[in-house]
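Reviewing the structure listed below.
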Amino acid sequence: MKRAVFGVLVSGLGGASLTVSAQTSQTTVDRTGVTLFGVADIAIGYGEGSTSRLIQLYSGGNATSRFGIRGVQDLGGGLAAGFWLEAGYTLDNGLGMAGNSNNQPGGATPSDVISFNRRATVSLIDRWGELRLGRDKTASYRNREDMDPFANNGVGTTEPQVESIAGPTSTRASNMVGYFLPPDFYGFFGEVQYFLGENVTGTGLPPTHDGTGYAARLGYSAGNFALAVAGSRARYASTADFGTVRVFNIGAAYDFEFVRMTVGYYRDEVDSVLPVVRKGFVLGAIVPVGLNQLKMAYSSYGTRESGDPAARKLSLGYVYNLSKRTALYATGAYVHNSGGSTTALNGASTAPNRSSRGMDLGMRHSF
């Protein structure tokens, strides 16, 4: 249960997705409040491929297990200050989840230590928008997440999420300075971000910009419709396996009341010695069934590499809400590989061009 430590809860802090208003800025309030929050999610997962299968108990089949504390202080005159600290963990073993200190492959933090890997920010907010500093989601990732009916969780996660080649800043970036448009800005919403790799430079040292980059997102929401375009660039030295990453995506959503439809297009490029380009799409739907939800998605993600390897995925899930905070869920997915692709589900493995299937049965509890 959420507990108000100082005054009221700040329900608007942190924003929403394209589901409602697509606004990602914090909301200024007229009272000071601090909220403890979290999710405990666990599932029995099954994965099967042509060469192996796996049954496991794992965390995050419907929502990422996490806990955090967030708050806001009214400074008067329409100005407010806020903070958000959020840590991910794996419920099946009680361990933490990995983060990254400098947005570089070598900056990954241990996954067995609890840390605020999901978000660690402080904000200054007024009627002109929000200035946010720290570790946060990248603007281009928000567009991917909003278009995925499964929100990048569990076996149903869409292919542009699962197979992303965007590297350390694919989902989040550290050492970030971001600006968010204010809510209700004539229907427009958006953000711009600049993040640092924090590389040491000086006399006798080679110049490097690894882990430094920027991201931006701009969208429009009116009634039941929302559209957003996003892009990012993270700089890295070119090697045989990696290099500067460029991301572009566009997504749209429309809520017909009886079904919410989403569609997204994604293009990721890595400037390695031999550049790699991958493209994908998502077509998704969430159907309300009373207080419950039926989720569906068809997605694809492929590359221009030799043979044009690609994976196409069909996902279907159902969420049965026992209460506002507790739900049971079941998700199934099937992947078809072509061009030498070997994508498999839930820890299984499969031979090139062979299929894979998987299923989750789980429980989610929010507090």
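The values are calculated or read from the model by the stated rules, or taken from the named source; none is laboratory data. Worth saying up front: this structure is predicted, and the values here are computed from it rather than measured. Every residue, glycine among them, receives a Cβ derived from its backbone with ideal geometry; neighbour counts consider all protein chains shown. Side chains are part of the model used for accessible areas, which takes the heavy atoms of the whole protein and leaves out ligands, DNA and RNA. Shrake-Rupley method; radii C 1.70, N 1.55, O 1.52, S 1.80 Å.
Evaluate the following for ARG233: is it basic (Lys, Arg), touching a Phe, Trp or Tyr at 6+ places or on another chain (Cβ under 8 Å) and in contact (Cβ under 8 Å) with a residue 12 or more places away in the chain? Taking the combined requirement at face value, the residue satisfies it.
This table checks each residue for (1) of a type in the set (D, E, K, R); (2) part of a strand (DSSP E or B).
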{"site": "VAL273", "(1), (2)": "no, no"}
{"site": "ARG278", "(1), (2)": "yes, yes"}
{"site": "VAL282", "(1), (2)": "no, yes"}
{"site": "ALA285", "(1), (2)": "no, yes"}
{"site": "GLN293", "(1), (2)": "no, yes"}
{"site": "MET296", "(1), (2)": "no, yes"}
{"site": "SER299", "(1), (2)": "no, yes"}
{"site": "GLY302", "(1), (2)": "no, yes"}
{"site": "GLY307", "(1), (2)": "no, no"}
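Any residue in segment 261-275 that is on the phi > 0 side of the Ramachandran plot and surrounded by fewer than 20 Cβ atoms within 10 Å (Cβ to Cβ)? Write out each step before concluding.
Pass one, segment 261-275, residues on the phi > 0 side of the Ramachandran plot: none.
Looking for residues that are on the phi > 0 side of the Ramachandran plot and surrounded by fewer than 20 Cβ atoms within 10 Å (Cβ to Cβ), one finds none in segment 261-275, hence no.
Does segment 252-269 contain at least one residue that is assigned to a loop (DSSP other than H, G, I, E, B), of a type in the set (Gly, Ala, Ser) and either within 20 Å of THR171 (Cα to Cα) or touching a residue at least 24 places away in the same chain (Cβ under 8 Å) (or both)? For segment 252-269, residues assigned to a loop (DSSP other than H, G, I, E, B), of a type in the set (Gly, Ala, Ser) and either within 20 Å of THR171 (Cα to Cα) or touching a residue at least 24 places away in the same chain (Cβ under 8 Å) (or both): absent. Counting only residues that are within 23 Å of LEU133 (Cα to Cα) and part of a loop (DSSP other than H, G, I, E, B), how many does segment 209-248 have? Qualifying residue count, segment 209-248: 4. Within segment 112-141, if we keep just the residues that are under 11 Å from the mean Cα position of the chain (by Cα) and open to solvent by 20 Å² or more (accessible area, probe 1.4 Å), the residue that is nearest to SER65 (Cα to Cα) turns out to be ARG118. Scanning segment 215-237 for residues that are surrounded by fewer than 20 Cβ atoms within 10 Å (Cβ to Cβ) and touching a strand residue (DSSP E or B) at 6+ places or on another chain (Cβ under 6 Å) yields a total of 10. For segment 68-96, filtering for residues that are open to solvent by 40 Å² or more (accessible area, probe 1.4 Å), of a type outside the set (Gly, Ala, Ser) and either more than 23 Å from VAL34 (Cα to Cα) or touching a residue at least 40 places away in the same chain (Cβ under 8 Å) (or both) leaves 8.
Restricting PHE189, PHE150 to residues that are in contact (Cβ under 8 Å) with a residue 12 or more places away in the chain, assigned to a strand (DSSP E or B), surrounded by 24 or more Cβ atoms within 10 Å (Cβ to Cβ) and not acidic (Asp, Glu) narrows the list to PHE189.
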